Amino acid sequence: MSLERVFTGIGRTVVLVDEPDEALEFYRDVLGFEVVHDSTRGGYRYLHLGFPGQDGVGVWLMAATSEREGELVGRQTGGQPLLVLYTDDLAAVRSRLTDHGVRTWAETQDADSASLHFADLYGNVIVAAQLKA
């Protein structure tokens, strides 16, 4: 069975946060994301982050607005990785994370890639991966 392709790509993933400015500092200043869009409408802040050259792809930092959403901050994927971020220099990533007091773990290497795990300020697991040529 052939399925007609109706989507053209992945846009943004949602990251629930307690405080958007605090989350922005981590994702921008530690991980190197850039603000793609930041506006407030109807009392709600739309804060989209991404990387240069990858228009439309990134994260949307969304403030938890209900008790249920608040319970999910840092646990929205049940402990599984929220994001996989690619790098050309895993050693530099490890060093930068360590310099900012971010704990890393589960560093692995196989035939196709090297990777390590770390968590954002809320506990969301993120994987940094360096693909081998």
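What follows is calculated from the coordinates using simple rules that are stated; it is not laboratory data. Remember, predicted model here, so these are calculated numbers, not experimental data. Cβ placement follows ideal geometry from the backbone for every residue including glycine, while neighbour counts extend to all protein chains displayed.
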Could you go through region 17-28 and let me know if any residue there is in contact with a strand residue (DSSP E or B) (Cβ under 9 Å, 6 or more places away or on another chain), β-branched (Val, Ile, Thr), closer than 24 Å to THR87 by Cα and touching a residue at least 12 places away in the same chain (Cβ under 8 Å). no
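So if I check each of VAL17, VAL6, VAL36, which one is exposed (fewer than 13 other Cβ atoms within 10 Å of the Cβ) and more than 24 Å from SER113 (Cα to Cα)?
After applying the criteria, what remains is VAL6.
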Within region 80-132, take every residue that is among the aromatic types (Phe, Trp, Tyr) and within 16 Å of VAL15 (Cβ to Cβ) and give me the one that is surrounded by the fewest Cβ atoms within 10 Å (Cβ to Cβ). TYR122
